[in-house]
Amino acid sequence: MNTNQLLMQLEAADFDDLKEIVKILVKELNTVQNALEKLKSEASKHGIYSQLS
């Protein structure tokens, strides 16, 4: 699905649909943030995090 298709679907969505979409996006964002924190932790253990910053 490209950006234009997604935008068309969002424009057609009602408020409840948008609330569900936001819940999913927040959950996915939290998953990504948790993965990044684990990656930072592992990198720090191996002394490479300071090189990545």
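The values are calculated or read from the model by the stated rules, or taken from the named source; none is laboratory data. This is a predicted model, so every value here is computed, not measured. SASA here: full protein model, heavy atoms, side chains in, ligands and nucleic acids out. Shrake-Rupley method; radii C 1.70, N 1.55, O 1.52, S 1.80 Å.
Send over a whole-number figure in Å² for the accessible area per residue of the chain, probe 1.4 Å.
That works out to 94 Å² per residue.
Rounded to the nearest whole Hz, the Karplus-based 3J(HN,Hα) values (6.51 cos²θ - 1.76 cosθ + 1.60, θ = phi - 60°) of region 8-15 follow the sequence 5, 5, 5, 5, 8, 6, 8, 4, with x at glycine and proline. Annotation: Glu11 carries an accessible surface of approximately 150 Å², with a 1.4 Å probe and no ligand, DNA or RNA atoms counted.
Can you tell me what the convex hull of the Cα atoms of the chain projects to on average, as an area in nm²? Hull-based average projected area comes out at 5.1 nm². What figure in square angstrom, to the nearest 10, would you give for the accessible area of Leu10 with a 1.4 Å probe? Accessible area of Leu10: about 60 Å². Surface composition of the chain: carbon plus sulfur atoms hold 60% of the accessible area, using a 1.4 angstrom probe and ignoring ligands, DNA and RNA.
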